[in-house]
1. Would a scan of segment A:119-142 turn up a residue that is among the acidic types (D, E), at pLDDT below 95 and farther than 24 Å from B:W181 by Cα?
2. If a residue counts only when it is within 16 Å of DNA strand D (Cβ to nearest atom) and at negative phi, which helices (runs of 4 or more DSSP H) contained entirely in segment A:55-173 have at least 3 such residues?
3. May I ask you to list the residues in segment B:109-118 that are open to solvent by less than 10 Å² (accessible area, probe 1.4 Å) and either aliphatic (A, V, I, L, M) or farther than 30 Å from A:V180 by Cβ (or both)?
4. Scanning segment B:28-41 for residues that are more than 14 Å from chain A (Cβ to nearest Cβ) and within 16 Å of DNA strand D (Cβ to nearest atom), which turns out surrounded by the most Cβ atoms within 10 Å (Cβ to Cβ)?
5. Regarding B:K39, is this residue at pLDDT below 95 and more than 26 Å from the chain's Cα centre (by Cα)?
6. Test B:A44 against the stated conditions and say whether it is open to solvent by less than 40 Å² (accessible area, probe 1.4 Å) and either within 30 Å of B:V228 (Cβ to Cβ) or touching a strand residue (DSSP E or B) at 6+ places or on another chain (Cβ under 6 Å) (or both).
7. Looking at segment A:128-147, which of its residues are touching a residue at least 40 places away in the same chain (Cβ under 8 Å) and open to solvent by less than 40 Å² (accessible area, probe 1.4 Å)?
8. Can you tell me which residue among B:V180, B:V171 is modelled with pLDDT of 70 or more and of a type in the set (A, V, I, L, M)?
There are 2 protein chains.
Amino acid sequence: MDQHNNNQDQISEGTRKGKSPVRLSREAVVGLALHIADKEGIDAVSFRRLANDFGVTPMAVYRHVRSKDDLLDAMTEQMLASFDTSAVRETDWRDQVRGLLYALRQVLLDHPSGRVLLSRRSLPEANRLKLFEASLGILRGAGFEPREAFFIFEHFLNQVVSLVVAGDGYVQGSEEERQVWGAQLLEFYGGLPQQEFPWLVEAAPNIAACVDKDSHFKFGIDLLLAGVEAIAVSMRSKNHSAGEQKRAPR
Amino acid sequence: MDQHNNNQDQISEGTRKGKSPVRLSREAVVGLALHIADKEGIDAVSFRRLANDFGVTPMAVYRHVRSKDDLLDAMTEQMLASFDTSAVRETDWRDQVRGLLYALRQVLLDHPSGRVLLSRRSLPEANRLKLFEASLGILRGAGFEPREAFFIFEHFLNQVVSLVVAGDGYVQGSEEERQVWGAQLLEFYGGLPQQEFPWLVEAAPNIAACVDKDSHFKFGIDLLLAGVEAIAVSMRSKNHSAGEQKRAPR
DNA sequence: ACCTGAACACCGTTCAAGT
DNA sequence: ACCTGAACACCGTTCAAGT
């Protein structure tokens with residue numbers, strides 16, 4: 001997290017006037033953009049805003065970044081640079097998967113804008129490719145067919161992303177903002193007419209407490225892995241009769 | 001789907017000049033907005049665009065819609081109006097759940113903008129509340145605790161949304177656009193260096209064929225329900241020793 | 001090579017005014 | 001009640017210049 005502040009610490013003090021024009025670099029531009037996105041939301045990132053913070057004209061930014069799409073791709077890459085892939089060295093595939101999911105979670109906790117970045121439609125670059133490849137390797141090693149492995153990976157990604165942002169409670173802003181939103185949710189759902197919405201009224205505290213991320217995340221991952229295990233088992237019984245596969249999931 | 005054309009058929013022919021000023025209504029505004037969002041993507045929806053299509057000044061739209069947020073909320077509601085809730089009358093909770101998930105899928109297939117609409121952070125209105133309430137009721141009836149029921153519902157929603165948009169292959173545009181994107185994916189992943197990315201090269205056809213929505217959706221729902229079943233079973237065994245619950249999942 | 005300045009075609013939203 | 005017109009503070013991006 002702190003490594004992204006470096007770029008900004010050299011600049012900071014807001015709208016500097018004309019002097020010591022801090023030569024831009026792609027890394028600095030992307031670093032500041034990611035920092036702004038994480039602290040103020042992805043919508044706060046604009047060429048004009050970046051230029052302003054750098055004390056430079058909007059068009060100067062274009063020398064280091066081809067377009068907004070390019071900028072967002074680069075932000076995704078820089079974010080994933082901190083991804084901890086050490087879990088691939090576990091021996092059991094379940095531990096490998098769990099490890100990667102928790103590593104991805106950590107990235108998303110450090111970078112609230114990650115949800116938006118990861119759900120953009122674009123071709124992945126180096127870091128994202130490595131994550132993708134490692135995951136497929138684990139699932140193929142566990143005995144899943146290419147198709148299943150891909151589907152399962154996709155669901156892993158979706159699941160982690162949506163678990164971290166905690167569904168309804170998703171806020172890319174500050175901790176305080178999230179508290180306020182939680183209070184609003186509690187008031188809203190708790191105040192619904194009880195005859196018409198008995199289950200919603202009952203669930204109101206749980207809906208509002210979506211801030212309780214740890215247990216929420218664990219529940220979701222357990223749910224997902226339970227499903228994957230079940231599929232693995234049913235695959236193994238199918239292979240028993242068909243037997244066209246090299247390795248069955250253990 | 002066609003009911004949204006009604007509003008537009010009266011207007012159409014693009015930028016009409018001054019005459020027969022078609023009195024706006026909230027329903028007409030929201031209907032056209034949803035229609036534009038589904039055909040051209042959510043970003044194509046703007047007050048200026050709506051005003052232009054209606055042959056009216058941008059500010060006229062504000063008489064029927066308080067703000068952009070209000071407009072998006074209303075679009076979500078109008079979209080969910082076509083939600084088929086008949087599945088709640090099934091007898092087994094698994095069938096009820098499956099039915100609702102497939103009904104939601106249908107809504108999202110009819111409305112490509114639904115993904116964006118449903119992942120906005122806002123308090124739900126009537127139609128969305130009813131869907132939420134019905135789902136909780138089913139899960140509570142199946143014996144899940146309020147907290148689990150809420151978590152599971154959340155995952156259902158996330159799962160359906162992300163399954164329908166098919167992860168990487170998500171395109172809110174036309175069928176043709178999706179084909180193009182699929183071809184790009186195939187070329188990209190298929191063309192990666194095989195030593196470095198063996199699993200990605202192998203999976204390339206599957207990644208590109210994410211257009212194959214039916215089997216993809218079925219796989220995801222099966223995965224999710226397998227996980228839920230497993231949780232239900234482990235809950236039942238826990239209750240065996242604790243026994244603090246009214247009903248256990250059957 | 002790197003940055004500036006002006007322009008184009010867009011946004012959401014406010015405010016005062018017309019009918 | 002419903003719509004207009006002008007304005008404010010924003011967008012991404014292009015193009016022709018400056019140094």
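1. Within segment A:119-142 (the criterion being among the acidic types (D, E), at pLDDT below 95 and farther than 24 Å from B:W181 by Cα), the answer is no, since none of the residues qualifies.
2. Where helices (runs of 4 or more DSSP H) fall fully within segment A:55-173 and carry at least 3 residues being within 16 Å of DNA strand D (Cβ to nearest atom) and at negative phi, they are A:58-61, A:68-80.
3. Once the filter is applied, which keeps residues that are open to solvent by less than 10 Å² (accessible area, probe 1.4 Å) and either aliphatic (A, V, I, L, M) or farther than 30 Å from A:V180 by Cβ (or both), segment B:109-118 yields B:H111, B:L117.
4. B:A33
5. The answer is no for B:K39.
6. No.
7. Passing the criteria: A:R128, A:L131, A:A134, A:G137, A:I138, A:L139, A:G141, A:A142, A:G143, A:F144.
8. Testing whether each residue is modelled with pLDDT of 70 or more and of a type in the set (A, V, I, L, M) leaves just B:V180.
The values are calculated or read from the model by the stated rules, or taken from the named source; none is laboratory data. Values in this document were obtained by computation on a predicted structure and should not be read as measured data. Positions of Cβ are generated from backbone atoms using ideal geometry, with glycine treated the same way; all protein chains shown enter the neighbour counts. Heavy atoms of the whole protein, side chains included, go into the accessibility calculation; ligands, DNA and RNA do not. Shrake-Rupley method; radii C 1.70, N 1.55, O 1.52, S 1.80 Å.
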